[in-house]
Amino acid sequence: MALSHIETIIYNKMNSSIFDFGFYHPYVVDFAIVLPIIALFLHFISILTQADEASSKAYFKVSNLLFFIGAFFIIAAYLTGLAEGNDVRQALSVEGRGLYDAHQALGTYIAVGFILLTFIKIISLLVKKDPLRYIFGTLFSIAMLILIYAYAIGISLVYDYGAGVVCPG
């Protein structure tokens, strides 16, 4: 899959660094999955416990914190995945390359989506209206389903096709 112009610039900057960013992709991805799942769970608990305002505020604050940390890790997972580059793709079979391309495209969409969700979250925190909170929860749920699907593709790439494990050659 051809990289966009911006992705190519990021890829070149990361590969010209002395630091191997691609090595950390599997570790960063675990945080990028778990933190938003917990944040989504706590977001819905805060909505369901609105009768007890103190409890609802506590869940809401922790949910916000985990969302922002999780969004950071999602962007980091995208960047570290981009840094792995074509070496991983070249070592795969034809079927694996198609799956890798789908995983890479989903990663790009997820990163952009979570940047947009972060802006929506900031607006919802400033406006403090419940309908915007419900809209955010719905969009966050959809983004999490896509994130979990991309994660499943990544697991399949590693365990079924040997991505990142098999050396080219």
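The values are calculated or read from the model by the stated rules, or taken from the named source; none is laboratory data. Everything numeric here is computed off the predicted structure, so don't read it as measured data. Heads up, the Cβs are rebuilt from the backbone with ideal geometry, glycines too, and the neighbour counts pull from every protein chain shown.
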Scan region 116-127 for residues that are surrounded by 13 or more Cβ atoms within 10 Å (Cβ to Cβ) and free of Cβ contacts under 8 Å to residues at least 40 places away in the same chain and report the count.
-> 2
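Table: residues versus (1) among the aliphatic types (A, V, I, L, M); (2) surrounded by fewer than 18 Cβ atoms within 10 Å (Cβ to Cβ); (3) modelled with pLDDT under 90.
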position	(1), (2), (3)
L66	yes, no, no
G85	no, yes, yes
V94	yes, yes, yes
H103	no, no, no
F114	no, no, no
T138	no, yes, no
I155	yes, yes, no
Take region 97-115 and flag every residue that is within 21 Å of Y159 (Cβ to Cβ) and free of Cβ contacts under 8 Å to residues at least 60 places away in the same chain.
-> R97, G98, A102, H103, L106, G107, I110
Among the residues of region 148-164, is any out of contact with any Leu (no Cβ under 8 Å at 6 or more places or on another chain), polar (S, T, N, Q) and either closer than 19 Å to H43 by Cβ or in contact (Cβ under 8 Å) with a residue 12 or more places away in the chain (or both)?
-> no
